Structures are given as C-alpha cells and as structure tokens.
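Scroll down for the structure; my scribbles are underneath it.
The values are calculated or read from the model by the stated rules, or taken from the named source; none is laboratory data. Quick caveat, the model's predicted, so the values are computed rather than measured. Ligands, DNA and RNA are stripped out before the accessible areas are found, and what is left, the full protein with its side chains, is counted by its heavy atoms. Shrake-Rupley method; radii C 1.70, N 1.55, O 1.52, S 1.80 Å.
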Amino acid sequence: MKLDSSIGAVVTGAASGLGEATARALAAQGVRVAVFDMNEAKGEAVAREIGGVFCKCNVTSEEEVDAAFAKARAAHG
C-alpha cells in the first residue's frame, strides 16, 4: 500500500493503545492523520507529536463525528 502525504487518515481511539500505534505508524510514513478520541489531553499530545490534528469525538454521537470530520477536512483538505 502506498502511504505518503497525499493520503489523509482518521484513526479512532488514537490517544492510546493500538489506535495510537496506528496513528504514529501512519504519520511516520507521511500520512496526514486526524486523531479522533475522547481524551483531550492525551489526544492533543499525540497529534502534536505526530504533526496531526486532534478531534475530540465520541464515535457513538453522530453530531460529534460530523464535527470531527469537518475539523479534520479543514486541517487536511
């Protein structure tokens, strides 16, 4: 799979565990990553470290998901 800066990815649960590892691995390949998580402090830190954007999001809420995708699109096109 081709991974580079032409790709934008959304990773849910990206503030910890497998989600964080996935976000870091994608960013290491140049992918523009949106960190979706409910943990603001950790999510902001991960996004800052990988050059991504943090979007506070409870994936069980349609409104929060819509807002998070809008923020991700605004940041990454």
Counting sequence-distant residues (5 or more places) and residues on other chains, those with an amide H built under 5 Å from that of Phe54 are Val35
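What is the chain by shape, rounded, prolate or oblate, if you read a ≥ b ≥ c off the alpha carbon gyration tensor as root eigenvalues and call it rounded for a/c under 1.5, prolate for a/b larger than b/c, and oblate otherwise?
Oblate, because a/c is 1.5 or more while a/b does not exceed b/c.
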In Å², rounded to a whole number, the accessible area per residue of the chain with probe 1.4 Å is 58
Of Thr12, Thr22, Thr60, the most mobile residue in a GNM of the chain (C-alpha springs, cutoff 10 Å) is Thr60
Phi-derived 3J(HN,Hα) across region 46-63 with the Karplus relation (6.51, -1.76, 1.60, θ = phi - 60°), rounded Hz, x for Gly and Pro, is 4, 4, 4, 5, 9, x, x, 10, 8, 10, 5, 7, 9, 5, 8, 10, 4, 5
Highest GNM mean-square fluctuation among Ala67, Ala15, Ala34, for the chain with Cα springs under 10 Å, belongs to Ala67
Looking only at lysines whose Cα falls under 27 Å of Lys2's and that sit 8 or more positions away or on another chain, we get Lys71
